[in-house]
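The values are calculated or read from the model by the stated rules, or taken from the named source; none is laboratory data. Computed from a predicted structure; not experimentally measured. Here the Cβ positions follow ideal geometry from the backbone for every residue, glycine too, while neighbour counts run over all protein chains shown.
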């Protein structure tokens, strides 16, 4: 049987493309993890405190602005959260920037995904929520704060 080549000819459902802006991975031992990624890849790690959930920011490129955000298009930074047995889908994922968290949550559900919990504010960055896509992958969306939106527009 000969395989046929098919191309997608449908018009895209979404007019605006929402970019991947961040990655996340779980860690059991944040000091061990930070030491590994620093030694293996030269990443800079910033340990945040309990008020930020002991999150660890990972800077993966040296060419960053004053706030640690990559200047070069296509580069993203990330972070590590503490693995927690009470939370679902403790696996690497990406964060997608969206204009409206509520509208995007509705789009996710209409497209067949499942939103996990309620949106939460990450001070200085935006509003964030995770979801499962149709393949069972945990992905997140973030509506940036006004400051971040203006910076992205070059203001």
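Of all residues being out of contact with any helix residue (DSSP H, G or I) (no Cβ under 9 Å at 6 or more places or on another chain) and not in a loop (DSSP other than H, G, I, E, B) in segment 47-68, which is nearest to residue 95 (Cα to Cα)? Just the residue, please. Applying the filter and picking the extreme gives 57. On inspection, residue 73 passes the criterion of being surrounded by fewer than 12 Cβ atoms within 10 Å (Cβ to Cβ), within 18 Å of residue 22 (Cα to Cα) and at pLDDT below 90. In the set 51, 63, only one residue is surrounded by fewer than 16 Cβ atoms within 10 Å (Cβ to Cβ), outside the structural domain of residue 137 (by TED's automatic domain parsing) and touching a residue at least 12 places away in the same chain (Cβ under 8 Å); that residue is 63.
For segment 69-86, name all the residues that are under 17 Å from the mean Cα position of the chain (by Cα), in a loop (DSSP other than H, G, I, E, B) and free of Cβ contacts under 8 Å to residues at least 12 places away in the same chain. Passing the criteria: 73, 74.
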